[in-house]
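Visitor: Below are the structure tokens for one structure; questions will follow.
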Amino acid sequence: MTQLSGAESLPPGFRSGFVAIAGRPNVGKSTLLNTLVGEEVAIATRRPQTTRRRIRGIVNRNTSQIVFVDTPGIHLWTQAKAEPSLNKYMLAEAQTALSEVDLIVLMVEAQGRGGSLEPDDEDLLVLEAVRQSNRDCLLCINKIDLLKQKKKLLPLMEAYQRTGLFGEMIPISASNGDGLDQLLASIESRIPEGPRYFPLEMITDQPERLLVAEYIRRQVLLLTNREVPYNTAVEIIAFEEESAAGNRSRPIELHAVIFVERDSQKGILIGKGGRKLKAIGTGARLAIERLLGCRVHLDLRVKVKKGWSRTTAGLRSVGYKDS
Ligand SMILES: Nc1nc2c(ncn2[C@@H]2O[C@H](COP(=O)(O)OP(=O)(O)OP(=O)(O)O)[C@@H](O)[C@H]2O)c(=O)[nH]1
Ligand SMILES: [Mg+2]
């Protein structure tokens with residue numbers, strides 16, 4: 001990693017560090033990253049297992065630079081499930097993130113699961129991953145906006161206190177920003193003095209091409225059901241470079257393929273008279289245009305790649321490479 005800004009330009013005591021946001025699926029990890037960064041750098045949807053790889057988002061403060069690493073939700077899976085290789089890949093991504101950061105923010109939901117505070121096997125899996133990482137860790141209790149009475153947090157906090165893993169517990173709402181000042185202040189106090197690793201204008205290390213593919217995948221997650229979201233991958237086939245797009249008087253050409261695993265899924269994605277694919281394309285194009293700040297011509301195709309999520313070779317063929 002290059003250190004791009006000279007240490008002399010930083011105030012004395014400047015801090016920097018890498019901070020993983022970890023937890024079970026759907027607790028709001030990506031939403032937190034996006035709120036902190038101020039842009040949608042990690043797609044966030046109501047579906048569990050939205051995030052598939054580590055995504056860095058950078059927060060610059062006067063006194064620090066915090067590099068957040070969003071992670072796939074840590075989840076239980078069995079070989080009997082349809083997509084073991086993809087699940088394995090996602091868990092490895094989460095595990096790698098935990099092993100390479102200065103601090104872990106473990107996120108849980110304020111209401112517990114369906115009102116239950118007893119940790120289930122998935123909670124235990126998450127806690128074990130945190131324990132094994134041997135990293136400094138703070139607990140972030142998300143979605144407090146859904147709680148009518150704040151005192152309802154107490155039993156949850158007591159349950160996590162008993163694990164002895166957490167230096168601090170901070171209630172937040174990732175979607176409305178409550179508690180985030182306290183969270184950032186606490187994180188800043190726990191990372192070491194250090195340089196600014198990334199230039200100020202950089203908010204993520206993801207190439208635009210990947211982000212664009214994710215925006216298309218998000219539309220699939222939003223507009224399809226059952227197993228289709230989990231069997232979908234998006235690859236960008238052609239993406240006209242900004243420079244080639246020149247004066248922006250014409251749209252940027254973008255060609256992408258949505259891979260699914262079965263012919264029936266292809267039918268669902270295309271929909272009657274192509275309507276579903278059109279809706280996916282329109283939603284994705286608008287988001288991509290906002291991101292790139294110019295008009296885009298999006299050409300979307302759907303292809304069947306049988307069982308891509310079940311083998312390492314299949315994963316590689318749609319762009320999920322080992323880290
Ligand atoms: N009410 C409320 N909803 C939230 C909050 N944070 C996230 N959500 C919702 O929770 C759902 C999951 O959010 P994500 O950010 O995608 O969750 P995640 O933990 O990244 O999920 P995976 O990537 O699947 O592991 C979405 O519908 C969010 O809108 C919050 O503070 N309050
Ligand atoms: Mg996520």
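Please treat every number below as a calculation from the coordinates, not as lab data. None of these values were measured; they are calculated from a predicted model. FYI the Cβ positions are ideal-geometry reconstructions off the backbone, even for glycines, and counts take in every protein chain you see.
Visitor: With all distinct Cα pairs included, what does the Kirkwood hydrodynamic radius of segment 208-317 come out to in Å, to one decimal, could you say?
Guide: Answer for segment 208-317: a Kirkwood hydrodynamic radius of 14.3 Å.
Visitor: List, in the order given, every pair from Lys29/Lys306; Lys266/Lys321; Lys29/Lys305; Lys276/Lys303 whose Cα-Cα distance in the structure shown is over 26 Å.
Guide: Violating the 26 Å limit, Cα to Cα: Lys29/Lys306; Lys29/Lys305.
Visitor: Another question, then. Sort segment 283-323 into rounded, prolate or oblate with this rule: let a ≥ b ≥ c be the square roots of the eigenvalues of the Cα gyration tensor; rounded if a/c is under 1.5, and if a/c is not under 1.5, prolate when a/b is larger than b/c, oblate otherwise.
Guide: It is prolate, given that a/c is not under 1.5 and a/b is the larger ratio.
Visitor: Could you pull out every whole DSSP H run in the chain that spans at least 24 Å of Cα extent along its own axis and averages 0.0 or higher on the Kyte-Doolittle scale? Write down the numbers at each step before the final one.
Guide: Numbers: long enough: 275-292 (25 Å, 0.18).
Both cut-offs are met by 275-292.
Visitor: Write down Rg/Rh for segment 159-260, rounded to two decimals, with Rg from the C-alpha atoms and Rh from the Kirkwood relation over Cα pairs.
Guide: 1.12
Visitor: Could you estimate the translational diffusion coefficient of segment 69-200 from the Stokes-Einstein equation, with Rh from the Kirkwood formula over C-alpha pairs, at 20 °C and 1.002 mPa s, in whole µm²/s?
Guide: 132
Visitor: Grab every C-alpha pair in segment 252-294, bin the distances at 5 angstrom width from 0 up to the longest one, and report whole percents.
Guide: 5, 19, 26, 23, 14, 9, 4, 0
Visitor: Please list, by residue number, every one of the trypsin sites (Lys or Arg not before Pro) in segment 178-275 that is coil in DSSP and has at most 12 other beta-carbon atoms within 10 Å.
Guide: Here the trypsin sites (Lys or Arg not before Pro) that fit, given the DSSP loop and packing criteria, are Arg226, Arg248.
Visitor: Further question on the same structure: Above 27 angstrom, tally the Cα pairs of the chain and express them as a % of all pairs, no decimals.
Guide: Value for the chain (Cα pairs over 27 Å): 48 percent.
Visitor: Which residue fluctuates most in the GNM of the chain (Cα springs below 10 Å): Val27, Val304, Val220?
Guide: Val304
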